[in-house]
Each structure stands twice: as C-alpha cells, then as structure tokens.
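To start, the structure itself, in structure tokens.
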Amino acid sequence: MILGIEGKWALVCAASKGLGKGCAQALVAEGVNVVITARGADALEATAAELRALNGGRVVAVAGDITTPEGRTAALAACPQVDILVNNAGGPPPGDFRDWERDAWIKAIDANMLTPIELIKATVDGMAARGFGRVVNITSGAVKAPIDMLGLSNGARSGLTGFVAGLARQGRLASANVTINNLLPGVFDTDRLRTTMQGVASKSGQSLDAVLDKRRATVPAARFGTAAEFGAVCAFMCSAHAGYLTGQNILLDGGAFPGAF
Ligand SMILES: NC(=O)c1ccc[n+]([C@@H]2O[C@H](COP(=O)([O-])OP(=O)(O)OC[C@H]3O[C@@H](n4cnc5c(N)ncnc54)[C@H](OP(=O)(O)O)[C@@H]3O)[C@@H](O)[C@H]2O)c1
C-alpha cells in the first residue's frame with residue numbers, strides 16, 4: 001500500500017530511540033521529511049544519519065527537551081510546516097502515590113499531557129487551513145488498563161486522552177481532514193522497558209532475564225513488540241487512507257488486554 005504522504009513534513013518528538021524512532025523510520029521510508037527531537041545530541045545525530053540513509057527525504061535533528069517551551073519552539077521552528085505530528089516524551093517514573101508530592105505530578109502532567117496539547121495547539125489550525133493533518137499521540141496501554149505502579153503515567157496520559165477525545169471531534173478539525181488519535185503501546189522491547197524491568201528485578205532480587213521472561217509470558221503473542229511494528233501502525237494512522245480514523249485509541253499489545261474491544 002502506498003500511504004500517500006510522500007513530501008509531507010512530520011515532527012516526531014522524542015525519536016532518537018525506541019518507539020519514536022520506529023515512527024520516524026516508518027515515515028521516512030514513505031518519503032516523509034522529518035524533524036526529530038531528543039535531549040541527547042549524540043544518539044539523536046546517529047539516528048538522523050540512519051534515517052538519511054533510508055530515503056532521499058530531509059531529516060532535521062533538533063536536540064532539546066520537548067517538555068520545555070524552548071524545546072518545543074526550537075522543534076517547531078525547524079519544521080517548514082507540520083503536516084504530521086507524533087507526540088512522544090519519556091514516561092514518568094514508577095512508584096507509590098504516597099511518595100509523590102505536587103512537583104512529581106506537575107512534571108508528569110507537563111511531559112505527558114500539556115506538552116502534546118501545546119504542540120497540538122501550535123499545529124492543528126495550520127493543518128486545517130491546508131486541508132490535511134495527522135496527529136498521533138504515543139500514550140500507553142496503561143490508559144486502558146492502568147498499571148498500579150505507574151500512577152503518574154495513568155493519571156497524566158488519561159488527562160490527554162480525555163482532552164483529545166473532545167478535540168478530535170471538533171467540526172473545524174475533523175471536517176478539514178485533520179485527525180487526532182492515540183497509539184497505545186503494550187510491552188515493546190525498548191530501553192524504557194529494560195530500565196523499568198531492571199527496577200523490578202533489583203527490587204525483587206530476580207535476574208533481569210527472569211523478569212523479562214515473566215513479562216513476556218503475560219502477552220498472548222508470547223513476545224514483546226518491536227519499534228518497527230509500532231512505527232508501521234503509526235505511519236498508517238498518518239496516511240492519506242486514514243482520514244476517517246479520528247478520536248480513537250489504538251491499542252497495540254499482542255493481545256494482552258483481555259477485553260472484546
Ligand atoms: N516501551 C514500552 O513498552 C512502552 C509501553 C507503554 C508506554 N511507553 C511509553 O512510550 C514512550 C516511549 O517509550 P520508549 O519505550 O520508546 O522509550 P525509550 O526507548 O527510552 O526512548 C525514549 C526516547 O525519547 C527521548 N526523550 C525522552 N524524554 C525526552 C524529552 N523530555 N524531550 C525530548 N526527547 C525525550 C529519548 O532521548 P533522550 O533521553 O536523549 O531525550 C529517547 O529518544 C514513553 O513515554 C513510554 O513511557 C512505552
């Protein structure tokens with residue numbers, strides 16, 4: 001299938017590694033020009049070089065913290081126009097809600113709710129004026145099935161989910177071919193997963209391999225997802241064919257969520 005987005009410009013946030021990188025790779029493979037961001041300049045430049053080798057499109061790397069106004073301004077300034085916005089940032093730390101003070105909550109809400117909302121605000125009206133726009137927010141399967149130790153993530157991302165559900169259905173966006181959807185990862189084999197599982201291993205005295213095996217066994221697909229699989233679904237959601245898909249939460253979890261829908 002040709003996705004019909006060749007030559008569009010995408011801003012893919014938090015994309016030097018993991019799921020964001022998977023999304024950038026899939027978009028670049030379709031001929032999309034991308035601006036990618038991450039805080040660490042070295043890994044970001046290495047990823048930009050990999051992406052440039054994939055296709056003839058333009059790849060611009062902007063090092064910075066996307067959760068800050070400066071980081072967002074720099075990322076937006078590097079993109080001639082944003083036709084596709086993939087919102088992503090690091091997830092909040094796990095823990096017990098009894099230990100979280102206001103600052104921990106504000107940080108999580110800033111990163112995983114207000115940052116995507118700010119970027120949506122900066123881009124959707126331009127998308128609507130041009131008659132094409134795709135926003136994909138990388139959230140988490142924890143929005144659908146909350147994970148107790150990830151309370152900050154459950155809370156902040158649910159706020160974004162509620163907001164998006166309303167915004168996506170606004171007539172002047174939906175009728176202008178601007179779609180806004182969330183893509184919910186289950187367990188994907190990325191640095192983030194390994195860091196989280198290492199925390200579980202250290203706390204419980206098990207080896208990392210044992211913890212990973214146990215986690216894998218909870219997935220009907222009997223494996224972790226890959227960033228490439230995640231990116232492919234994201235690219236389809238950004239495609240010309242997905243104009244009738246809006247306000248949705250697409251769960252990609254190898255069958256782990258046990259509900260019928
Ligand atoms: N992997 C999973 O199984 C899974 C499941 C559910 C939800 N998620 C969520 O999906 C998102 C991506 O996860 P991942 O597994 O791809 O993580 P990852 O492998 O750790 O990659 C995170 C990427 O985001 C960048 N980043 C982090 N914070 C940033 C910031 N403030 N500004 C700009 N870039 C930033 C990182 O680069 P720098 O560190 O250099 O900035 C890196 O490129 C996270 O929010 C995570 O919580 C992941």
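Some notes on this structure:
- Selection within region 17-44 - open to solvent by 20 Å² or more (accessible area, probe 1.4 Å) and near the ligand (Cβ under 6 Å from one of its atoms): Lys17, Gly18, Leu19, Arg39, Gly40, Ala43
- Residue ID - farthest from the ligand (Cβ to nearest atom), chosen from residues in region 45-67 that are charged (D, E, K, R) and assigned to a helix (DSSP H, G or I): Arg52
- Considered as a group, the residues in region 127-141 that are in contact with a strand residue (DSSP E or B) (Cβ under 8 Å, 6 or more places away or on another chain) and assigned to a helix (DSSP H, G or I) include one that is farthest from the ligand (Cβ to nearest atom), and that residue is Ala128.
- Pair list, Cβ < 8 Å and 6+ apart or interchain, from region 4-29 residues that are within 20 Å of Ala63 (Cβ to Cβ) and of a type in the set (Lys, Arg) to residues that are more than 6 Å from the ligand (Cβ to nearest atom) and open to solvent by 10 Å² or more (accessible area, probe 1.4 Å): Lys21/Ala227
- Single residue of region 153-181 satisfying the filter (closer than 21 Å to Gly126 by Cβ and among the polar types (S, T, N, Q)) that is farthest from the ligand (Cβ to nearest atom): Ser175
- Answer from Leu119, Leu85 - the residue that is open to solvent by less than 10 Å² (accessible area, probe 1.4 Å), outside any helix (DSSP H, G or I) and touching a Leu at 6+ places or on another chain (Cβ under 7 Å): Leu85
- Close pairs (7 angstrom Cβ cut-off, 6 or more residues apart or separate chains): modelled with pLDDT of 95 or more in region 106-132, among the polar types (S, T, N, Q) and surrounded by fewer than 16 Cβ atoms within 10 Å (Cβ to Cβ) anywhere: Gly126/Gln81
- Candidate set: region 89-116, residues that are open to solvent by 30 Å² or more (accessible area, probe 1.4 Å) and under 19 Å from the mean Cα position of the chain (by Cα); chosen: the one nearest to Ala48 (Cα to Cα): Gly90
- Near pairs, Cβ below 6 angstrom, 6+ apart or cross-chain, from region 220-236 (closer than 15 Å to Gly31 by Cβ and more than 11 Å from the ligand (Cβ to nearest atom)) to any residue that is part of a loop (DSSP other than H, G, I, E, B) and open to solvent by 50 Å² or more (accessible area, probe 1.4 Å): Ala235/Glu30
- Scanning region 150-162 for residues being touching a helix residue (DSSP H, G or I) at 6+ places or on another chain (Cβ under 6 Å) and free of Cβ contacts under 8 Å to residues at least 60 places away in the same chain gives a total of 7.
The values are calculated or read from the model by the stated rules, or taken from the named source; none is laboratory data. A quick note: this is a predicted structure, and the numbers were derived from the prediction, not measured. Virtual Cβ from ideal backbone geometry, glycine too; neighbours counted across all protein chains shown. To get the accessible areas, we keep the full protein, side chains included, count just its heavy atoms, and leave off ligands, DNA and RNA. Shrake-Rupley method; radii C 1.70, N 1.55, O 1.52, S 1.80 Å.
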